[in-house]
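The structure under discussion appears below in the form of structure tokens.
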Amino acid sequence: DLLSMALKKYKISNDGAEDKHKQVQVGVGVGVVMVEGLYQCYNSALIALGKDQTNQIQYDYDDTASSSRGDSYLDTNTNIFQQLSQAIASGEALFRSMEVEHKLTPQPEHYHALLQIYANCFRVIRVPVGVDGSNDLELDNDYVGVDVDIKLQRKLLHRMTFLLEELENNHLDHLLDDNDDDGRHIRRRVGSGASGTKSKVSADIYDAVISSFHKSFRHQQQQNGSIRNKDLQKVQDIVERMVQLLERDLLWVDRGRGHTPILLALKRVLSMGMQSQSGTTTSHGRLLQIMERFQALGGGSDNDDDDDKDDPNSNLNSGDTNEGHIPRMDSKMYISYLNALSVKTDKSDNMDKILELWKEMNERNMKPTTNHYIAAITALGRSKNRQGAKHAQKLHKQAIRQYNILSPSQQKKSDFNAAALYTSLIRATRPKSSSVIAMLESLERKYQETNDPHLKPDIKLYAVVLNQISRAGQNNLPRVWGIVDRIEHLYDEGDESMRPNKMCYTPVLVALSKSGHKDQVQMAEQLLAHMEEIFAETGQDDIKPDQITYSSVLLTISRSPIPIDVKRAYELLDIMEKKASQKEIPWPGLPAYISLLQTIIRNGSNDMGIEAENILQRIDELYASGASDTKADHNVFVSVIQAWARSTAPDKAMRAWNLLERMHSRYNKGEEAVRPSVKALTSVLNACAYTTSRQNHEEAVEIARKVQEMIIQDKHGKFYGKPESAFFDLLLKTFAFCVHDEVEQERLMISVIRHCCDEGQMDTRILETIKRSANLFHQLPSLVNMGQVNDQPEKVSGFKGGLMSVQDLPRMCWRNVRARRLK
């Protein structure tokens, strides 16, 4: 209404440009406002529209949160999303009316106001409750709200990105031209009225877009467990353009807010890079390059003027004390940067950069907090540089030493958290089990002696210790049980913070799978039932079994030292898929299906090959239907080939070969994950070597020769990899058992022996296979000097009938064999 009154007072014609900056009074009674020109009038109207509509929707949305989850909830929610769409449409209509009705070119402040309407709507669309314990409203999956929520978020992000691009296309060229000053430039601040000053874009514009992407990333991660790399690339494009403007001194920040928008935007994009689990190596490397550019601007150096030292916002490197400065990284920014450097990539060696940042903090007299130490320790421990772990340990000791020298009163006020420091060190450096236990026991003793809450081991530390120990070896089950008993004892004594959760119990399942205990399956089933019982009684999400829990039980079943009914493994997988279809847990990953395949193989049924192929088909169908993100990979195919190799099917060699051909076909179509390897070829040879049906022997030999030729053609192992002794042993066995012409058999076996010696893979198993052919065994001394091992001309010295060992042969024949294979 105020806008309408203003437009009537202006009475602007198409050529009435001189009136566009006229200041008029608009309003009636207490609703009087002063507006400066029509540009400012539109800007104020857009801001008011955004606040009014989104505040009302927020009120309705919050009211919905406390309502019942019945039909009324669904109706109210749908209505709220309709209101959001109307708010967006109203803002866009008002924005476009500037050009359509009054021939006004929208200025950056107008783009900002419309982007703020989008951002306000984003704030209304709450992200579900996450692992961080936030209390944001979560819509039940049963209601349409969730689907509409995701669609509306994507719609908003698309429009925000488009609007930002439009702003840059319409104004960026003008920004870069310092001589252009037609009075319609981008102002330093809304309504400044100044003319002839250097044009700048508000950092708030970029922060509004980036913050919305950040919220969307959190939503994607909590809904799907991952984020789209395409979205990460988009937001990196935006933040890179923001840094480009910063480099050209074309980014303006409101002095009252300090440099919050710039630093927040950078922190958010760093956080998004972490949430993506690095996305791709290229993507994460680009993120770090953006940060390098920001630092190069002076974001990490002290270039303040002496006169500004007492000014909290004087972290600048420009002579102008009001605007146009480069913000120095604040304390939290260092944490975000260190966290980004901790992401592992194929070529990540960030140790020097991490140490440089730490030195920079010290030079700026910036006191490290516990979070700084945690971020630095994690980044150093994950660095590819071998010295990274040592530096991480030094920082850990430094943090403890600095806390110990504090006075009692200072310690009470300190943010020191010994448990968090130990947790980060163990996660990052993966020390030996004995060292991990020593760390935990040392901290437990200190806490018992001092009763200092800063030294108290927490449930996260116990969970990390359990995880590290459970993965270390076969004999750690007693240690794992002992730590779990301590946790349960502390909880039973009234320490609520030590309530056991799935992060404590899952390592027990991992330890059970490695224990070789005859009752390991029964113990795993009992622990799973215990977790399900506690969840049913308490409803506590942190004890609810998830896909990792069920997969660990399946792994324990697959490694059972005694025969186990495969039906139970099928039942567990069915439970996982049912819960996933109901969105209770994510879809089972490939480890769950591989565990089932291994259980089928160990069970040894006559139809194991068919059963295994059915599992492969099950995985493919789930992926094709879009229900699961799980796609069959190399390990799945190898497990199915192994199932055929272990079966009694007469045509198992051909079945195994067909699977290998499928791997080649799918790889050639772009499925990198199914790329055949020497392991797959060896599994096919296993099926050939143990083909019992005489009528299928010729077929098995033909397949074995094809496999042999594949390895010969891949001379340096660049595609399949280098063959190991098992490959040659199975190839010899195939020719020894399936070739019935003695002359042909000897010719084929000699070719394998020579190839084996050339690769340095002659081991005890191969020698035993050769001994079964007396004629071939007696030729061995001359054969090993006839191949491509002529640089070892010495004769076989230990040949004494059948007592010859591998090490009696020239060393070149067994140079690549593991020591245990020589015994």
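Here the stretch 647-723 and the stretch 474-514 have alpha carbon centers that stand 44 Å from each other.
Pick out, in residue order, every one of the chymotrypsin sites (Phe, Trp or Tyr not before Pro) in the stretch 633-742 that is DSSP loop and has at most 16 other C-beta atoms within 10 Å; say none if there are none.
Working: sites: Phe637, Trp644, Trp657, Tyr667, Tyr690, Phe719, Tyr720, Phe727, Phe728, Phe735, Phe737; in loops: Tyr690, Phe719, Tyr720.
When the chymotrypsin sites (Phe, Trp or Tyr not before Pro) of the stretch 633-742 are filtered for loop state and at most 16 Cβ neighbours within 10 Å, Phe719 remain.
Along the stretch 662-670 the Karplus relation, 6.51 cos²θ - 1.76 cosθ + 1.60 evaluated at θ = phi - 60°, assigns HN-Hα couplings of 5, 4, 4, 4, 5, 5, 5, 8, x Hz to successive residues, with x for each Gly and Pro. Sparsely packed loop sites in the stretch 477-518 (the GluC sites (Glu not before Pro) outside DSSP H, G, I, E and B with at most 13 other Cβ atoms within 10 Å) comprise Glu493. Coupling constants for the stretch 580-592 follow from the phi torsions by the Karplus curve (6.51 cos²θ - 1.76 cosθ + 1.60, θ = phi - 60°), and in residue order they are 5, 5, 8, 6, 7, 9, x, 5, x, x, 4, x, 5 Hz; glycine and proline get x. Packing, taken as the mean count of other beta carbons within 10 Å per residue, orders the peptides 756-767, 702-713 from highest to lowest as 756-767, 702-713. Across the stretch 206-216, rounded Karplus estimates of 3J(HN,Hα) from the backbone phi angles (6.51 cos²θ - 1.76 cosθ + 1.60, θ = phi - 60°) give 5, 5, 4, 6, 5, 5, 5, 4, 4, 4, 5 Hz, Gly and Pro being marked x. Residues whose amide H comes within less than 5 Å of that of Leu251, counting only those at least five positions distant or on another chain, are Val201 (H built at 1.01 Å from N in the peptide plane). The order of the peptides 205-213, 444-452, 738-746 by mean Cβ neighbours within 10 Å, most packed first, is 205-213, 738-746, 444-452.
The packing ranking of peptides 101-107, 359-365, highest mean first, is 101-107, 359-365, where packing means the average number of other beta carbon atoms within 10 angstrom of each residue.
Here, each number is a calculation from the coordinates, and none is a lab measurement. Remember, it's a predicted structure, so these values are computed and weren't measured experimentally. Quick reminder, even Gly has a Cβ in these numbers, built from the backbone with ideal geometry, and neighbours come from all protein chains shown.
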